[in-house]
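Everything on this sheet refers to the single structure shown next.
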Amino acid sequence: MDFSYLVRMITRIFLFLLFLSFQTFAQNFYTDLSHCATELTQENVIYDPSYFSISYPNGDVPKGKGVCTDVVIRAYRKMGIDLQKEVHIDMNNNFSAYPKIWNLKHTDTNIDHRRVPNLMTFFKRHQSELPITKIGKDYLPGDVVAWNLGGSITHIGIVSSVKTTDKKKILNCP
C-alpha cells in the first residue's frame with residue numbers, strides 16, 4: 001500500500017471525525033444554552049430597564065432585576081461566555097458597525113451588551129444570523145431570535161426545548 005495514500009485516508013477520516021465532533025458540540029451547546037435560559041426563567045425577576053453601573057468583565061445587573069437581554073446574557077454566561085466582554089471588544093474594534101440609535105461617541109460596558117440592536121449586530125458580525133422565516137421548525141432550541149414589537153421597540157429571546165401542550169416551541173424571555 002502506498003504510504004501517501006494511507007496518510008490521505010487517515011487525514012480524511014480524521015477530518016470527517018472532527019467535523020462530526022464539531023456538529024455534536026454545536027448541537028449540545030445550543031441545547032445546553034436553551035436549558036440554561038429555561039432555568040433562568042424560573043427565577044423571580046422584575047422587569048427593570050434602568051441603567052446600572054456594573055463591573056467589567058462579568059458584570060451583571062442586580063439579582064432579581066433585568067430585561068430580555070439579561071436572560072440571553074445570563075444564559076451565555078452559564079455556558080462560559082461573557083457577552084458583556086465579547087460585545088465590548090467587538091464594539092471597541094468596530095464601533096462604526098454598530099447602531100447609532102443612542103448617539104454614542106464611545107462604548108459603555110455598563111449597557112452596550114444589554115441593548116437588543118447591539119446583540120443583533122454582534123451575532124450577525126459573528127456569522128450567527130439565521131434566515132427569517134414564519135416556519136416554527138426552522139428555529140431550534142438554543143437559537144437566539146430578535147424581533148421588533150413596533151415603534152422601534154425590539155425584543156430578544158432564546159428558543160426553548162420545552163414545548164407547550166400544543167407541541168409548539170416557546171421562547172425563553174421575560
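A short reminder: the numbers here are calculations on the coordinates, not readings from a lab. The shown structure was predicted, so the numbers you read here are calculated from the model rather than taken from an experiment. Methodologically, a virtual Cβ is constructed for each residue, glycine included, from the backbone with ideal geometry; neighbour enumeration extends over all protein chains shown.
Highest average first, the peptides 101-108, 114-121 ordered by how many other beta carbon atoms sit within 10 Å of their residues are 114-121, 101-108. So for segment 32-172, what percent of the C-alpha to C-alpha distances run longer than 22 Å? Here the long-distance tail beyond 22 Å is 38 percent of all Cα pairs in segment 32-172. The spacing between segment 101-140 and segment 61-86, judged by their C-alpha centroids, is 14 Å.
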